[in-house]
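Asker: I'd like to ask some things about the structure below.
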Amino acid sequence: PRTPVNVTVTGAAGQIGYALLFRIASGHLLGPDTPVRLRLLEITPALGAAEGTAMELDDCAFPLLAGIDISDSPDVAFDGANVALLVGARPRTKGMERGDLLEANGGIFKPQGKAINDHAADDVKVLVVGNPANTNALIARSAAPDVPAERFTAMTRLDHNRALSQLSKKTGVPVAEIRRLTIWGNHSATQYPDIFHAEVAGKNAAEAVADETWLAEDFIPTVAKRGAAIIEARGASSAASAANAAIDHVHTWVNGTPEGDWTSMAVPSDGSYGVPEGLISSFPVTTAGGEYRIVQDLAVNAFSRPRIDASVAELADEREAVRALGLI
Ligand code: NAX
């Protein structure tokens with residue numbers, strides 16, 4: 001039998017945690033041959049709820065689940081972590097300014113980054129889901145100087161999947177026949193879902209759609225504001241689809257992208273496409289052998305350029321703000 005992979009999940013008692021843990025334990029994160037040990041991190045008042053979820057996980061008798069540990073200490077929860085899913089975050093509440101939000105999350109992601117630095121396994125891969133995800137990942141990464149920077153990523157796969165679904169609806173082509181979509185920039189309302197390099201059933205997507213008004217006034221805002229639309233309809237924020245995207249993100253990172261396709265991940269910029277180095281920004285990436293590479297040399301047209309730049313400018317602003325707060 002293979003040695004279990006340690007998967008740490010923060011915010012384990014939250015709604016995404018509830019949708020995520022059962023799929024990890026049933027083998028959807030790392031595959032049907034890889035046993036996992038779950039290490040759950042929660043704040044002290046939520047430990048009881050995390051225990052309850054752990055009881056239900058026990059009751060599933062998942063053959064791949066090698067054990068569950070629960071802690072309110074980052075040093076314990078990240079000990080030996082091979083995969084770290086940082087889901088728990090401080091949401092924006094009424095009257096909260098952006099600076100307050102960044103500061104509150106700095107108080108979470110800085111110590112978690114340090115704990116990853118000091119205790120995680122050498123091969124740790126980190127996915128930040130908790131918002132503001134890109135900048136939270138930047139804070140964690142800055143607190144982990146001994147971990148290679150490229151191991152810190154943030155989630156734009158939900159945006160990517162939303163874009164796939166919207167494009168499929170518009171063209172009538174099934175999602176399985178859509179390739180090379182890209183989400184650029186920040187996981188926020190400024191994100192830019194780009195179909196100019198995408199293919200639907202082998203044809204260029206922008207040419208197949210041939211409707212720039214739809215792109216600018218329907219597709220882009222629908223994808224970017226989908227989270228708000230879900231809250232409006234469901235009375236609660238996206239949970240199962242967010243958990244699904246987290247599974248997809250890590251699964252693709254570990255198992256590779258299909259030949260001729262790519263995915264979207266927010267990763268530390270190497271300066272590609274004019275994105276300032278070090279910003280954790282979403283790019284088109286291919287993955288193989290457990291590593292990702294930013295797709296190079298795509299032509300960025302006049303429609304795309306200002307949209308990418310606007311989202312990247314927002315990320316640069318957030319970086320300045322957390323720098324001013326001493327969080328990085
Ligand atoms: P919930 O409020 O249901 O759960 C969050 C959990 O995190 C709570 O149980 C809380 O006790 C825990 N928590 C808070 N601080 C913690 C800490 N320091 N250590 C460990 N656990 C801590 O939120 P949920 O709906 O699960 O969403 C979690 C996060 O995902 C939010 O920040 C949300 O904004 C973000 N999202 C990100 C998405 C993305 O695409 N990147 C999409 C979905 C989601 O909105």
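Asker: Name the pairs: first residue in segment 200-222 and over 22 Å from ASP261 (Cβ atoms), second residue in a helix (DSSP H, G or I), Cβ to Cβ under 6 Å, at least 6 apart or on different chains?
Answerer: Every condition considered, the pairs that remain are THR222/GLN166.
Asker: Hey, LYS203 hits all of (1) touching a helix residue (DSSP H, G or I) at 6+ places or on another chain (Cβ under 6 Å); (2) open to solvent by 30 Å² or more (accessible area, probe 1.4 Å) but one; which does it fall short on?
Answerer: Every condition holds for LYS203 apart from (1).
Asker: Let me ask something else. If the Cβ limit is 7 Å and pairs must be 6+ apart or interchain, which residue in segment 149-166 that is within 30 Å of ALA120 (Cα to Cα) and among the hydroxyl-bearing types (Ser, Thr, Tyr) pairs with which residue that is at pLDDT 95 or above and in a helix (DSSP H, G or I)?
Answerer: Final answer for the pair search is THR153/ALA137.
Asker: If you don't mind, another one. Out of ALA216, ALA163, ALA206, ALA176, which single residue is part of a helix (DSSP H, G or I), within 16 Å of the ligand (Cβ to nearest atom) and among the small types (Gly, Ala, Ser)? Write out each step before concluding.
Answerer: Numbers: ALA216 fails: within 16 Å of the ligand (Cβ to nearest atom); ALA206 fails: within 16 Å of the ligand (Cβ to nearest atom); ALA176 fails: within 16 Å of the ligand (Cβ to nearest atom).
After ruling out the rest, the residue left standing is ALA163.
Asker: Taking THR286 and the conditions (1) surrounded by 14 or more Cβ atoms within 10 Å (Cβ to Cβ); (2) in contact (Cβ under 8 Å) with a residue 40 or more places away in the chain, which numbered condition does it fall short on, given that it satisfies the others?
Answerer: (2)
Asker: For segment 229-250, what are the residues that are open to solvent by 20 Å² or more (accessible area, probe 1.4 Å) and over 18 Å from ILE183 (Cα atoms)? Talk me through it step by step, then tell me what you get.
Answerer: Quick first cut of segment 229-250, residues open to solvent by 20 Å² or more (accessible area, probe 1.4 Å) only: 229-237, 240-241, 244, 248.
If the condition is that a residue be open to solvent by 20 Å² or more (accessible area, probe 1.4 Å) and over 18 Å from ILE183 (Cα atoms), then ALA229, ILE230, ILE231, GLU232, ALA233, ARG234, GLY235, ALA236, SER237, ALA240 are the ones that fit.
Asker: Are any of the residues in segment 5-20 modelled with pLDDT of 95 or more, more than 15 Å from the ligand (Cβ to nearest atom) and open to solvent by 20 Å² or more (accessible area, probe 1.4 Å)?
Answerer: Looking through segment 5-20, at least one residue is modelled with pLDDT of 95 or more, more than 15 Å from the ligand (Cβ to nearest atom) and open to solvent by 20 Å² or more (accessible area, probe 1.4 Å).
Asker: Looking at (1) modelled with pLDDT of 95 or more; (2) touching a Pro at 6+ places or on another chain (Cβ under 9 Å); (3) not acidic (Asp, Glu), which is the only condition LYS170 fails?
Answerer: Going through the list (1) modelled with pLDDT of 95 or more; (2) touching a Pro at 6+ places or on another chain (Cβ under 9 Å); (3) not acidic (Asp, Glu), LYS170 breaks only (2).
Asker: Any idea which of GLU150, GLU212, GLU217 is under 19 Å from the mean Cα position of the chain (by Cα), open to solvent by 40 Å² or more (accessible area, probe 1.4 Å) and acidic (Asp, Glu)?
Answerer: Values: GLU212 fails: under 19 Å from the mean Cα position of the chain (by Cα); GLU217 fails: under 19 Å from the mean Cα position of the chain (by Cα).
Being under 19 Å from the mean Cα position of the chain (by Cα), open to solvent by 40 Å² or more (accessible area, probe 1.4 Å) and acidic (Asp, Glu) holds for just one of GLU150, GLU212, GLU217, which is GLU150.
Asker: So, one more: Residues that are under 23 Å from PRO221 (Cα atoms): find the strands (runs of 3 or more DSSP E) completely inside segment 262-316 holding 3 or more of those.
Answerer: Working: elements: 263-268, 280-288, 291-294.
So the answer is 263-268, 280-288.
Asker: Going through ASP261, ASP248, ASP297 one at a time, which residue ends up being modelled with pLDDT of 95 or more, more than 27 Å from VAL83 (Cβ to Cβ) and among the charged types (D, E, K, R)? It would help to see each step written out before you state the result.
Answerer: Working: ASP261 fails: more than 27 Å from VAL83 (Cβ to Cβ); ASP248 fails: more than 27 Å from VAL83 (Cβ to Cβ).
Unique residue meeting the criteria: ASP297.
The values are calculated or read from the model by the stated rules, or taken from the named source; none is laboratory data. Just so you know, these numbers come straight off a predicted model, no measurement behind them. Note that each Cβ is placed from the backbone with ideal geometry, even for glycine, and that neighbours are counted across all protein chains shown. Accessible surface areas use protein heavy atoms only, side chains included; no ligands, DNA or RNA. Shrake-Rupley method; radii C 1.70, N 1.55, O 1.52, S 1.80 Å.
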